[in-house]
Structures are given as C-alpha cells and as structure tokens.
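Colleague: One structure, pasted below without further comment.
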Amino acid sequence: MNSVLSLQIQPSFYSTMQCYSLLVSRHTGILWRSLKYLGFLNTYHYRIIKSNSQIPFTWISLAPSLHKTLAFYLNGQRNRFSTMPEIDKNEIDPEFYSPPSQVRGMTKLDRTAFKKIVIIPVLKVRQEMVNKLVKSLKKVLLQRPGIKRVIDDPKDEGNKLVMLDPYKIVSDDSFEESERLLLKELNVNPQISSFSLELTYENFKTEEILRAVLPEGQDVTSGFSRIGHIAHLNLRDHQLPFKQLIGQVIIDKNQGITSVVNKINTIDNIYRNFQMEVLSGEENMITKVRENNYTYEFDFSKVYWNPRLSTEHNRITELLKSGDVLFDVFAGVGPFAIPVAKKDCTVFANDLNPESHKWLLHNCKLNKVDQKVKIFNLDGKEFLQGPVREELMKLVEQPSKERQPSVHIVMNLPAMAIEFLSIFRCLLDGQSKSRKLLPTVHCYSFSKADDPAKDVQQRAEALLGASLKGCSSVHLVRNVAPNKEMICITFQVPASVLYENQQMNQEEQFPKAENLEEPPFKRQRTSKASLEEQSQNGSAT
C-alpha cells in the first residue's frame with residue numbers, strides 16, 4: 001500500500017551540491033538525515049509515493065523542476081506532522097531562526113518577504129492534560145514571539161500538540177529524568193513528532209531581522225535608549241542606508257515606541273542637546289518618562305536626558321539627608337534636584353539652556369516640589385559666583401550653635417564641568433574660616449587615560465591649586481565608549497582653597513578619605529558585548 005510523506009528541500013543546497021540519500025522502507029519507516037532537517041529557508045513541500053521497494057533519489061537533478069511544479073503543495077502540507085527522527089544536536093542549523101536569505105540588503109521594509117517554514121518537535125497530548133504539562137515543561141517549550149505553544153491536533157480533535165524548543169529537544173532521550181517521570185505520570189507518550197511551522201515577520205526578533213538584512217558580518221544595532229515613546233539610536237555609517245527600515249522594525253517590535261530618532265552629531269554646544277533626525281514614526285518629541293518614582297516631561301529635541309544615568313541620580317540623592325543643601329550647577333530638567341527636594345532638602349537648581357529651565361520649572365510643579373527648589377537660568381560660572389557664594393556666606397554667618405547642614409554641589413557636565421573648579425579658589429574670600437562649611441563637590445568628567453582616576457584627580461588639583469591626595473574618591477559612572485569613561489570625583493573643597501590667607505593644619509584642611517561616601521576608584525572590567533552596545537550609544541552622557 002502506498003503512503004504519503006512530507007519532505008523538504010532547501011534551495012541553498014543546490015549551489016553547495018550537498019545531498020543525502022533517503023531510504024524509504026515499509027517496515028523501518030523514515031530514516032531522515034538530511035538536508036540539515038531543521039532551519040531551511042524557503043522550503044517546498046511535495047509528495048513522494050512509496051512502493052514496496054526502496055527508491056533512491058538524486059535530489060540535485062530533481063530540484064530545479066520541483067521548485068516550480070510542486071510549490072502548490074505548500075498550503076496543503078503545512079500542518080502535517082509525523083514521527084520525529086533522531087537528530088544529533090550538533091546537526092541543528094545555527095541559522096534555524098534566521099529570516100529567509102533573500103531579505104539581505106533590503107532597505108525598504110517588506111514584511112511579506114520574511115515567511116519561512118521550519119520543522120519543530122511536538123508532543124501529542126490529551127486535551128485535559130495540557131495545562132499541567134505546559135507548567136512543568138516550561139524550560140523546553142518553544143519560545144517565539146507571536147507563536148502559540150499549544151495548537152490543535154489536525155488528526156485528532158481530542159488531542160493537542162505542544163510545541164517544543166528544537167535546540168533542547170531533538171529526540172525522546174532529550175528529556176531530563178524528572179520530565180520523563182512527569183510524562184509517565186500523566187500518561188503522555190514521550191515520542192516526539194515533527195510539525196511544519198510557518199514563521200512570519202511577526203515571529204522574528206529585532207536582532208534576527210536586522211542581522212538578516214544588514215550586510216553579512218557587520219555590526220547590528222538592536223539596542224537603543226528609550227525616552228518615553230521615543231527610541232534613540234546612534235547608528236554607524238554602514239547602517240545608515242538601512243536607517244528607515246531599522247526605525248520601522250524597532251517601532252514594530254517594541255510596544256509603546258512610536259518614534260525612532262538617530263543622533264547626527266555629538267553634544268557640542270553649551271545647551272547639551274544634539275541634532276537628530278526622525279527615522280520612522282511621529283515627529284512629536286515632547287515626551288514623558290518615569291525615573292526613580294518621579295515623573296519628567298520635556299522636549300527631547302531641545303534638552304538633555306540620558307536614561308542610563310538613573311542609577312547615578314539615585315546614588316547622589318541617597319547621600320543627602322533632610323535639611324541638607326544642594327546646589328545643582330547644570331540641573332537639566334531636574335533628575336538630581338527633584339528627588340533631593342522630596343527629601344526636605346533646600347535645593348538651588350540652575351541651567352543655562354532656556355528650554356531646560358522651562359521644563360525644570362514645569363517638572364518641579366509636576367512633582368510638587370516647586371516651593372522647595374529655587375531655579376536659575378544662568379551660566380555655571382555666574383551661578384557659582386552669585387547665588388552659590390551668597391548662600392554659602394549666609395551659612396558661614398549662622399550662629400555656631402545652630403545645626404550646620406551638609407552642603408553638596410553637583411556639577412554634571414562631564415565634557416567641561418571640571419574646568420569650573422577654579423571658581424572655588426577664594427570663593428569665600430574675607431570670611432572667617434569654617435571647617436564645618438566645606439562643601440562636598442560631585443564633579444563629573446570624561447577620561448580616556450589608562451588611569452582615569454589619577455587623570456581626573458590631577459586635573460582637578462591643578463584647577464583648585466591644592467592637593468586632593470587622600471581626601472577624594474572616584475566613582476565609575478559608566479563606559480561611554482571603548483577606552484572612554486564617565487566618572488565622578490567627590491571631594492570636600494579644602495579650606496585653603498575657599499578662604500584666602502587662612503592658615504589651617506592638614507587635618508582641618510582635608511577631611512579624611514573614610515568620611516567621603518565613595519570608596520577609592522577601581523577600574524571595572526567591561527565585557528566586549530557591553531562595550532559594543534555602549535559604543536553604539538556614542539558619546540551621550
């Protein structure tokens with residue numbers, strides 16, 4: 001009696017001249033080693049009628065005609081499944097989940113071109129046992145976007161087919177002992193069957209799509225900074241011809257993203273913003289973000305915001321206690337000022353950018369701290385020599401019996417903040433020395449030196465005109481790019497710097513290092529993957 005088999009041919013094998021013999025036997029069933037079995041691109045289904053004798057085939061000679069004449073069987077065969085042959089895990093195609101090869105070089109997104117048939121292992125399970133089985137076999141189930149892991153059995157209405165991960169389950173023996181015991185307990189036959197599954201654009205991940213589209217061997221951008229509804233990319237030159245496609249894919253694959261932008265220059269102006277182009281989606285750049293339980297709204301095209309600094313914002317906030325004073329020299333839209341104000345601290349926040357100043361006012365009201373934050377729109381130098389100096393002088397003049405608050409000055413402008421340190425020299429000239437009023441400065445800087453901590457400390461000392469040896473600490477904020485660190489140096493301004501002609505002993509001038517909040521700097525080792533991602537994100541700080 002004749003029987004029907006569902007076979008697949010991979011067109012890419014035609015050029016490599018690889019083929020295997022298929023032996024069909026009435027008694028032994030299918031010995032299907034072949035054609036790499038899994039992960040074919042553009043597969044074609046057709047029927048082979050089996051007689052009582054074995055029939056050898058030379059697939060290479062048949063392929064050109066089968067490609068054209070037998071493609072109409074695709075839909076009819078798509079949902080067929082059969083007993084899964086035993087496959088060596090080493091034979092599973094590493095490109096199993098790669099989109100079809102013809103999408104390579106695509107610059108305008110065509111979602112219909114991403115269709116592909118793959119063969120996956122399935123378990124045949126009685127309907128009433130499905131829920132318990134799925135919960136217990138979670139780690140070996142198929143995990144693909146938009147794919148149901150349990151489907152109807154086309155041959156038996158009372159059964160379901162449970163889809164398994166082809167990288168983990170290749171035969172009955174792939175199950176662990178506990179899993180086999182469970183199958184036995186539920187009276188489920190552990191025999192693996194195969195199922196022809198159609199993958200479409202919706203079932204591929206962002207990185208898989210971009211890796212298939214971009215030139216082979218080139219870096220793929222799948223990571224981005226998310227600012228509310230906006231995805232921010234830093235594309236490299238080889239990715240620019242595909243920028244609209246990249247933008248659309250990111251919108252498709254990330255819920256809530258409705259606009260994708262690419263930075264087209266570095267932060268090279270006094271307002272700390274950069275030019276950008278919209279790659280895909282809406283032009284609206286006014287967005288809302290949540291960070292550390294606070295809400296911020298702003299126009300991303302006109303102000304500076306970096307979601308990678310969330311941890312750093314929180315770190316500094318935790319250093320201040322109720323009643324302390326914060327001077328935020330380059331405040332932006334308020335990620336330091338607002339959380340600190342919520343701790344019942346007195347905050348003076350400044351930013352030169354009129355847009356940042358506007359949104360800082362807005363965000364203080366939004367977070368209900370507008371009565372606790374005094375806001376300025378000045379150059380950093382003017383802010384330090386004006387409002388900061390005036391408030392410090394008031395604190396110096398307070399009666400000694402009153403509690404002296406801890407004073408912190410945050411200078412988060414890593415491209416140039418360190419240059420402002422010279423302003424502290426004789427800032428309180430003429431005032432009586434006050435060892436209790438030595439402001440703690442948190443100054444941010446970039447460094448490409450082999451020893452970033454030493455580099456930043458030496459530059460800070462040169463501008464202050466005093467040694468910080470033993471009385472400063474350095475915190476690594478993040479790797480901006482390979483061999484480029486963003487770090488924060490923390491120190492109390494020496495009295496000899498703040499007060500002119502005031503003679504103080506070493507203990508009075510320099511607080512001990514253990515009194516500072518951060519441990520000595522240790523350069524962190526960064527993985528290659530992390531460096532690649534960070535370099536994609538460019539010099540944003």
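The values are calculated or read from the model by the stated rules, or taken from the named source; none is laboratory data. It should be emphasised that the depicted structure is a prediction, and the values quoted were computed from it without experimental measurement. Glycine also receives a Cβ, built like all others from the backbone with ideal geometry; neighbour counts cover every protein chain displayed. We work out accessible area using only protein heavy atoms, side chains counted, and drop any ligands, DNA or RNA first. Shrake-Rupley method; radii C 1.70, N 1.55, O 1.52, S 1.80 Å.
Colleague: Being surrounded by 19 or more Cβ atoms within 10 Å (Cβ to Cβ) and hydrophobic (A, V, I, L, M, F, W, C) is the filter here; which residues of the range 396-422 pass it?
Modeller: Matches in the range 396-422: V407, I409, V410, M411, L413, A417, I418, F420, L421.
Results for (1) free of Cβ contacts under 8 Å to residues at least 24 places away in the same chain; (2) loosely packed, with under 15 Cβ neighbours inside 10 Å; (3) touching a Ser or Thr at 6+ places or on another chain (Cβ under 8 Å), shown as yes or no for each residue.
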| residue | (1), (2), (3) |
| --- | --- |
| Y97 | no, no, no |
| P100 | no, no, no |
| G105 | no, yes, no |
| L109 | no, no, no |
| K116 | no, no, yes |
| I119 | no, no, yes |
| K124 | no, no, yes |
| V134 | no, no, no |
| L137 | no, no, no |
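Colleague: Return the total of residues in the range 326-342 being open to solvent by 10 Å² or more (accessible area, probe 1.4 Å) and within 18 Å of E391 (Cβ to Cβ).
Modeller: Total satisfying the criteria: 1.
Colleague: Give the range 368-386 a look and list any residue that's surrounded by fewer than 16 Cβ atoms within 10 Å (Cβ to Cβ) and in a helix (DSSP H, G or I), or say none.
Modeller: Across the range 368-386, the qualifying residues are K381, E382, Q385, G386.
Colleague: To continue, here is another question. Filter the range 435-477 down to the residues that are among the aliphatic types (A, V, I, L, M), free of Cβ contacts under 8 Å to residues at least 12 places away in the same chain and more than 30 Å from P307 (Cβ to Cβ) and list them by number. Walk me through how you get there before you give the answer.
Modeller: Residues of the range 435-477 among the aliphatic types (A, V, I, L, M): 437-438, 441, 449, 453, 456, 460, 462-464, 466, 468, 474, 476-477.
Still in the running and free of Cβ contacts under 8 Å to residues at least 12 places away in the same chain: 449, 462.
The answer is A462, and nothing else.
Colleague: Right, next: Please report, ordered by residue number, the helices (runs of 4 or more DSSP H) entirely within the range 49-145 with at least 2 residues that are at pLDDT below 50 and not acidic (D, E).
Modeller: 59-69, 74-77
Residue-wise test of (1) open to solvent by less than 10 Å² (accessible area, probe 1.4 Å); (2) small (G, A, S); (3) at pLDDT below 95.
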{"residue": "L235", "(1), (2), (3)": "no, no, yes"}
{"residue": "H238", "(1), (2), (3)": "no, no, yes"}
{"residue": "Q244", "(1), (2), (3)": "no, no, no"}
{"residue": "Q248", "(1), (2), (3)": "no, no, no"}
{"residue": "T266", "(1), (2), (3)": "no, no, yes"}
{"residue": "R272", "(1), (2), (3)": "no, no, yes"}
{"residue": "T287", "(1), (2), (3)": "yes, no, no"}
{"residue": "T295", "(1), (2), (3)": "no, no, no"}
{"residue": "D299", "(1), (2), (3)": "no, no, no"}
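Results for (1) free of Cβ contacts under 8 Å to residues at least 12 places away in the same chain; (2) among the hydroxyl-bearing types (S, T, Y); (3) touching an Asp or Glu at 6+ places or on another chain (Cβ under 7 Å), shown as yes or no for each residue.
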{"site": "E318", "(1), (2), (3)": "yes, no, no"}
{"site": "I338", "(1), (2), (3)": "no, no, no"}
{"site": "N353", "(1), (2), (3)": "no, no, no"}
{"site": "L366", "(1), (2), (3)": "no, no, yes"}
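Colleague: Please go through the range 304-324 and pick out each residue that is of a type outside the set (S, T, N, Q), open to solvent by 10 Å² or more (accessible area, probe 1.4 Å) and farther than 26 Å from K263 by Cα.
Modeller: R315, E318, L319, K321, G323, listed by residue number.
Colleague: For the condition within 30 Å of F242 (Cβ to Cβ) and buried (at least 20 other Cβ atoms within 10 Å of the Cβ), what is the one hit in L164, L214?
Modeller: Unique residue meeting the criteria: L214.
Colleague: Check whether at least one residue in the range 326-339 is in contact with a Phe, Trp or Tyr (Cβ under 8 Å, 6 or more places away or on another chain) and either more than 30 Å from H229 (Cα to Cα) or polar (S, T, N, Q) (or both), and report yes or no.
Modeller: yes
Colleague: Which of the strands (runs of 3 or more DSSP E) contained wholly in the range 181-246 include at least 3 residues that are touching a residue at least 40 places away in the same chain (Cβ under 8 Å) and under 21 Å from the mean Cα position of the chain (by Cα)?
Modeller: Because the criterion is at least 3 residues that are touching a residue at least 40 places away in the same chain (Cβ under 8 Å) and under 21 Å from the mean Cα position of the chain (by Cα), the strands (runs of 3 or more DSSP E) in the range 181-246 that meet it are 225-227, 230-233.
Colleague: I want to confirm something. Restricting to the range 348-367 and keeping residues that are of a type in the set (A, V, I, L, M) and farther than 14 Å from K302 by Cβ, which single residue is least open to solvent (accessible area, probe 1.4 Å)?
Modeller: Here the residue is A349.
Colleague: If we only count helices (runs of 4 or more DSSP H) wholly inside the range 399-510, which ones have 1 or more residues that are modelled with pLDDT of 90 or more?
Modeller: Result: 452-464, 495-498.
Colleague: Oh, and also: Read through the list (1) farther than 29 Å from D299 by Cα; (2) hydroxyl-bearing (S, T, Y); (3) open to solvent by less than 50 Å² (accessible area, probe 1.4 Å), then give the number of the only condition that S178 fails.
Modeller: Against the list (1) farther than 29 Å from D299 by Cα; (2) hydroxyl-bearing (S, T, Y); (3) open to solvent by less than 50 Å² (accessible area, probe 1.4 Å), S178 comes up short only on (3).
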